[in-house]
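The values are calculated or read from the model by the stated rules, or taken from the named source; none is laboratory data. Remember, predicted model here, so these are calculated numbers, not experimental data. Positions of Cβ are backbone-derived with ideal geometry, glycine not excepted, and every protein chain shown enters the neighbour counts.
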Amino acid sequence: MQPLAARAASLTDQVAASIRAAVRAGTLRPGQLYSAYQLADRLRVSRSPVREALMRLAETGMVEFERNRGFRIVIPQPRDIAEVAHLRLLLEVPAAQRAATAATPELVTELRAELAEMQRAAANRDETLFMRHDQRLHDLILGAAGNTRLLKLIDGLRDTTRYLGASTAEVSRTLQAICAEHEPVIDAIAAADPDAAGQAMSRHVTNTGQLLVAQAVAEAALDGDPGHIDPEQLWAQVVG
């Protein structure tokens with residue numbers, strides 16, 4: 001984690017972004033206890049923006065406080081992941097439909113460029129770069145829907161799982177397979193077909209969510225969790 005410099009963005013936003021990046025890079029690990037004072041020293045900022053950033057992350061479920069001790073990055077449980085996927089379905093499917101009704105040639109060009117970068121990263125087995133372009137592609141679709149709050153909300157939902165290491169990439173599906181799921185979404189947006197765009201996005205988010213839930217259940221069993229959870233039943237309970 002590098003020291004932060006005062007910029008136009010608020011220090012609180014910068015701290016939150018730095019924490020998320022550190023979790024993604026493995027510098028901050030789920031389950032371990034950390035101190036807000038340590039973070040402030042490492043980032044060379046006052047404790048106030050660090051506390052505010054941690055409070056924001058706690059609201060998303062990414063951080064959990066321990067009184068007079070510090071905070072931990074929270075490991076998402078199977079039901080947490082199913083609930084995040086449900087929210088994404090409720091929000092991203094209509095967003096894809098709206099993007100298809102408002103698509104411009106420039107948007108389609110940008111989407112195809114991001115997909116090409118994803119394919120290039122997949123060929124090089126560069127998961128970090130791949131996920132960066134994956135997020136950019138989704139952000140373009142959400143941005144085309146014309147709702148910046150929606151974009152930030154869904155980014156937070158994706159953070160809840162992805163930044164904590166919950167990823168299907170090269171675990172239950174290949175990077176190439178993830179690319180393939182995005183192609184029909186882009187094709188439908190390019191064709192200005194909102195129904196097809198919504199259906200393609202629904203298939204992509206549903207598949208991602210179901211695989212993540214199954215992985216989380218399997219990992220809980222490996223960690224010695226005595227409770228038996230059926231991934232399909234859990235998905236049906238939460239998502240329907």
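Would you mind stating whether Ala116 is buried (at least 16 other Cβ atoms within 10 Å of the Cβ), closer than 22 Å to Cys179 by Cα and over 16 Å from the mean Cα position of the chain (by Cα)? Even if it seems obvious, please write down each step before you answer.
Numbers: buried (at least 16 other Cβ atoms within 10 Å of the Cβ): no; closer than 22 Å to Cys179 by Cα: yes; over 16 Å from the mean Cα position of the chain (by Cα): yes.
Here the answer is no, as Ala116 does not meet what is asked.
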Residues of region 14-48 classified as crowded, with 20+ Cβ neighbours inside 10 Å and assigned to a helix (DSSP H, G or I), total: 9
Note on Arg125: of the conditions (1) in contact with a Leu (Cβ under 9 Å, 6 or more places away or on another chain); (2) buried (at least 16 other Cβ atoms within 10 Å of the Cβ); (3) under 27 Å from Ala214 (Cα atoms), unmet is (2)
Any chance you could count how many residues in region 162-216 are part of a helix (DSSP H, G or I), of a type in the set (Gly, Ala, Ser) and at pLDDT 95 or above? 8
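Can you name the residue in region 49-74 that is among the aliphatic types (A, V, I, L, M), within 17 Å of Ser18 (Cβ to Cβ) and in contact (Cβ under 8 Å) with a residue 60 or more places away in the chain and, of all such residues, is surrounded by the fewest Cβ atoms within 10 Å (Cβ to Cβ)? Don't jump to the end; show me each part of the working.
If we filter region 49-74 for residues that are among the aliphatic types (A, V, I, L, M), which is where we start, we get 50, 53-55, 57-58, 62-63, 73-74.
Checking the rest, the ones that are also within 17 Å of Ser18 (Cβ to Cβ) come to 50, 53-55, 57-58, 62-63, 73.
Next, only the ones that are in contact (Cβ under 8 Å) with a residue 60 or more places away in the chain stay: 62, 73.
Working: Met62: 24, Ile73: 22.
Here the answer is Ile73.
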Go through Leu111, Leu89 for me and flag whichever is out of contact with any Phe, Trp or Tyr (no Cβ under 6 Å at 6 or more places or on another chain), within 29 Å of Val217 (Cβ to Cβ) and at pLDDT 90 or above. Leu89
